[in-house]
Amino acid sequence: MPILHLLPKAELHLHLEGSIEPETLVELAPGCDVKEVTANYRYSDFAEFLMSFKWVTSYLRSPADYALITQRLLANLERQNVRYAEITLSAGVALLRKQDFAPIYDAVRKASKESSVEVHWILDAIRHFGPEQAMQVAELAAERVNDGVVAFGIGGDEARGPAEWFGEVFAFARKKGLRLTAHAGETTGPESVWGALALGAERIGHGIRSIEDPALLRELRDRGVPLEVCISSNVATGAVSSLAAHPVRRLYDAGVPLVLNSDDPAMFQTSLTKEYEVARDHFGFSDAELQELAENSFRHAFRYTV
């Protein structure tokens with residue numbers, strides 16, 4: 001078996017704010033203790049996870065806080081031999097909190113340049129906050145398209161923020177030279193993935209409910225649109241009922257392009273290396289298949305060049 005932490009990898013679905021380890025959060029919020037943070041990193045469903053994510057981000061009060069968590073995340077990625085990362089920054093949350101986004105971005109951008117990991121940024125809008133705020137995030141992304149921002153995406157609650165709201169926003173982002181991604185088919189059905197494809201999404205965050213629609217599987221396979229699969233995340237949030245029920249193996253066997261990712265690694269007690277281990281140990285992925293998944297992580301990156 002390969003030594004998976006030494007396997008060169010890229011991480012394409014990784015939320016900065018979800019990478020904050022309990023010990024780091026205690027540094028940011030001295031009133032908390034590790035036990036409290038750990039308790040908040042447990043969820044019975046996706047709605048509880050969103051509330052926990054909101055709680056975590058409430059302690060990100062300054063650009064220096066963002067710089068610290070970026071440094072800690074990148075040190076972790078270096079230890080796993082992650083060579084390239086497209087890190088999602090929740091600009092929508094910063095706007096909601098009426099924070100000045102420019103110094104936040106400058107802080108994470110500077111911190112990322114100090115790492116051996118090649119880093120690009122995806123600015124993320126919270127889809128259930130609506131299209132007006134999503135356009136504000138797209139505009140922030142467009143202003144930085146030549147300064148480290150590679151893509152625009154939407155996350156959050158699919159049911160409360162349907163894809164059809166965002167056609168104008170995605171068209172604007174594409175025109176400004178941004179690549180496009182969308183969380184879809186995580187907690188709602190295949191229709192959400194179809195909606196993301198109609199928007200022009202080039203990668204699908206999660207997309208696991210695609211397994212329910214054979215026509216959609218063929219569409220993803222034939223168009224070469226990859227799913228950013230996050231196994232531990234889906235189990236933790238209840239997007240799947242159990243690890244055994246996760247469709248990662250069936251998606252792979254259907255010929256759909258897949259990339260493994262950690263999503264919110266601290267909040268789901270995982271890492272990119274662990275996701276490869278889960279694929280091997282629970283879903284029978286062979287050495288050759290794991291190597292293929294690692295190669296996919298570079299192949300489907302928006303900016304990676306050999």
Margin query: Looking only at region 152-175, filter to residues that are buried (at least 24 other Cβ atoms within 10 Å of the Cβ) and of a type in the set (G, A, S); which one of those is nearest to Y84 (Cα to Cα)?
Written below: G153
Next item on the list: Please give the number of the condition N146 fails out of (1) part of a helix (DSSP H, G or I); (2) over 19 Å from the mean Cα position of the chain (by Cα).
Entry: (1)
Checklist line | Restricting region 28-46 to residues that are touching a residue at least 40 places away in the same chain (Cβ under 8 Å) and part of a helix (DSSP H, G or I), the residue that is farthest from the chain's Cα centre (by Cα) | finding: L28
Margin query: Looking only at residues that are surrounded by fewer than 21 Cβ atoms within 10 Å (Cβ to Cβ) and touching a residue at least 60 places away in the same chain (Cβ under 8 Å) in region 118-151, which one is nearest to L77 (Cα to Cα)?
Written below: E118
Notebook entry, point to check: So, of the residues in region 272-288 that are more than 17 Å from the chain's Cα centre (by Cα) and surrounded by 16 or more Cβ atoms within 10 Å (Cβ to Cβ), which turns out to be nearest to V117 (Cα to Cα)?
Noted result: E277
Next item on the list: Scan region 80-115 for residues that are without any contact (Cβ under 8 Å) to a residue 40 or more places away in the chain, surrounded by fewer than 17 Cβ atoms within 10 Å (Cβ to Cβ) and not in a helix (DSSP H, G or I) and jot them down.
Entry: K98, D100
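Can you find, within region 156-213, the residue that is nearest to D253 (Cα to Cα) among those that are part of a helix (DSSP H, G or I) and among the hydroxyl-bearing types (S, T, Y)? Don't jump to the end; show me each part of the working.
Quick first cut of region 156-213, residues part of a helix (DSSP H, G or I) only: 163-175, 190-199, 208-212.
Going one step further and asking which of them are among the hydroxyl-bearing types (S, T, Y), we end up with 192, 210.
Working: S192: 22, S210: 13 Å.
Top of the filtered list is S210.
Restricting attention to region 237-252, does a residue exist that is assigned to a strand (DSSP E or B), in contact (Cβ under 8 Å) with a residue 40 or more places away in the chain, over 25 Å from N40 (Cα atoms) and touching a strand residue (DSSP E or B) at 6+ places or on another chain (Cβ under 6 Å)? Before you say what the answer is, go through the steps one by one.
Filtering region 237-252 down to residues assigned to a strand (DSSP E or B) leaves none.
No; the residues of region 237-252 include none that is assigned to a strand (DSSP E or B), in contact (Cβ under 8 Å) with a residue 40 or more places away in the chain, over 25 Å from N40 (Cα atoms) and touching a strand residue (DSSP E or B) at 6+ places or on another chain (Cβ under 6 Å).
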Note to self: Can you report the number of residues in region 293-306 which are at pLDDT 95 or above and crowded, with 16+ Cβ neighbours inside 10 Å?
What the structure shows: 8
Notebook entry, point to check: Does region 1-12 hold any residues that are modelled with pLDDT of 95 or more and in contact with a Lys or Arg (Cβ under 8 Å, 6 or more places away or on another chain), and which are they?
Noted result: P8, K9, A10, L12
Next item on the list: From the list L77, L25, L60, L68, pick out the single residue that is modelled with pLDDT of 95 or more and either under 30 Å from E292 (Cα atoms) or assigned to a strand (DSSP E or B) (or both).
Entry: L77
Note to self: Checking V256 against (1) surrounded by 22 or more Cβ atoms within 10 Å (Cβ to Cβ); (2) in contact (Cβ under 8 Å) with a residue 60 or more places away in the chain; (3) not basic (K, R), only one condition comes out false. Which one?
What the structure shows: (2)
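Any idea which residue in region 182-202 is surrounded by the most Cβ atoms within 10 Å (Cβ to Cβ), counting only those that are within 22 Å of V235 (Cβ to Cβ) and out of contact with any Leu (no Cβ under 7 Å at 6 or more places or on another chain)?
Of the residues in region 182-202, the ones within 22 Å of V235 (Cβ to Cβ) are 182-190, 192-193.
Applying the additional criterion that residues be out of contact with any Leu (no Cβ under 7 Å at 6 or more places or on another chain) yields 183-189, 192.
Working: H183: 26, A184: 31, G185: 29, E186: 24, T187: 21, T188: 16, G189: 15, S192: 25.
Result: A184.
The values are calculated or read from the model by the stated rules, or taken from the named source; none is laboratory data. Computed from a predicted structure; not experimentally measured. We place every Cβ from the backbone using ideal geometry, glycine too, and count neighbours over all the protein chains shown.
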